[in-house]
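Inspection log for the structure reproduced underneath, given as structure tokens.
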Amino acid sequence: MLQLYKTLHPDDKYATEEDLKDITIKNILVNGIYNDLGFMVGDRFIVLVEAQSTWSMNIIIRALMYLAQTYHDYFEKYDANLYGSKKVGMPIPELYVIYTGDRKDKPEFIRLSQEFFEGKECALEVRLKVLYGGQGMDIISQYVAFTKVYNKQVKLHGRTRQAILETIRICKDQDVLKQYLLRREKEVVSIMMALFDEERIIHTYVESEKREAAKQASEQAARNEAIETATNMLKSGKFSPTEIKMYVPRLSVEEIRKIQEDLLDRS
């Protein structure tokens, strides 16, 4: 965290680990919000950092939600009287997104007004600085380099333990996050394997939902066809509900009679 802060604020030569406090939003509820990283620097800054491999402007809205929740927690913790006449203290916010994907257009900043309100001024503005990493060895560039090595190994070995171990080996050889990986290799492997399992569960759930939706759509189509057939047979006046049941077994006699009643009401 200190390395990250000093990369973002190279002018601050005096910050120490004691000056930084982790305020990342953690939520045990699946549908609750939680962000990638948030920390305070003394009482001066609130820094929120997100990472994304797929370009999405919705990150601006998510960052706004994270910031609102972070300030809510901050004011609640310090028992700030927002209804009093005295102005409360408020740390300056800094919002960043680390983009690890491939993209030709690389804006330095993305803004809420530009992306969602066609550049019009309004009561709300949010600005995120986009970080892409560079050719240096700062912590952001190392993180981006790690993700690129990881993506390559996943393509070669799939989402397996071997892909993770190869990623760690290559990054240590290339001095990418080397000290961190040397100290926490087992932890990194465990976390990434857990992420694989989570992705697999989500994928299985999504595929199951797709199959169920397709099944329901197919059943509804067949039922609509049966209703249309029964309606046409009733309109001909040649068949009773009991006889129609023999041709459209998907419908009950009661359902066919209901269709018959509806036809009579409309006539």
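The values are calculated or read from the model by the stated rules, or taken from the named source; none is laboratory data. Here the structure is a predicted model, which is why all the values come from computation and not from measurement. Reconstructed Cβ throughout: ideal geometry from the backbone, glycine too, with neighbour counts over all protein chains shown. Only protein heavy atoms, including side chains, enter the accessible area calculation; ligands, DNA and RNA are left aside. Shrake-Rupley method; radii C 1.70, N 1.55, O 1.52, S 1.80 Å.
Mind checking whether some residue in the range 139-158 is over 18 Å from residue 51 (Cα atoms), touching a residue at least 12 places away in the same chain (Cβ under 8 Å) and part of a loop (DSSP other than H, G, I, E, B)?
No.
Tell me yes or no: at least one residue of the range 93-110 is touching a residue at least 40 places away in the same chain (Cβ under 8 Å), open to solvent by 90 Å² or more (accessible area, probe 1.4 Å), part of a strand (DSSP E or B) and of a type in the set (A, V, I, L, M).
no
If you take the residues in the range 69-87 that are free of Cβ contacts under 8 Å to residues at least 12 places away in the same chain and among the aromatic types (Phe, Trp, Tyr), which one is least open to solvent (accessible area, probe 1.4 Å)?
78
When you check residue 180 against the structure, is it under 30 Å from residue 164 (Cα atoms) and open to solvent by 80 Å² or more (accessible area, probe 1.4 Å), yes or no?
yes
Within the range 189-202, track down each residue that is of a type outside the set (Asp, Glu) and closer than 23 Å to residue 165 by Cα.
Once the filter is applied, which keeps residues that are of a type outside the set (Asp, Glu) and closer than 23 Å to residue 165 by Cα, the range 189-202 yields 189, 190, 191, 192, 193, 194, 195, 196, 200, 201.
Cβ contacts < 9 Å: first residue in contact (Cβ under 8 Å) with a residue 40 or more places away in the chain and open to solvent by less than 50 Å² (accessible area, probe 1.4 Å), restricted to the range 47-68; second residue of a type in the set (Asp, Glu) and in a helix (DSSP H, G or I), any location; separation 6+ or different chain. Result?
Here the result reads 57/115; 60/115, each pair linking the range 47-68 to a residue that is of a type in the set (Asp, Glu) and in a helix (DSSP H, G or I).
Listed here are the residues, each with its yes/no results for (1) aliphatic (A, V, I, L, M); (2) open to solvent by less than 90 Å² (accessible area, probe 1.4 Å); (3) more than 21 Å from residue 98 (Cβ to Cβ).
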{"residue": "151", "(1), (2), (3)": "no, yes, no"}
{"residue": "154", "(1), (2), (3)": "yes, yes, no"}
{"residue": "186", "(1), (2), (3)": "no, no, yes"}
{"residue": "189", "(1), (2), (3)": "yes, yes, yes"}
{"residue": "198", "(1), (2), (3)": "no, no, no"}
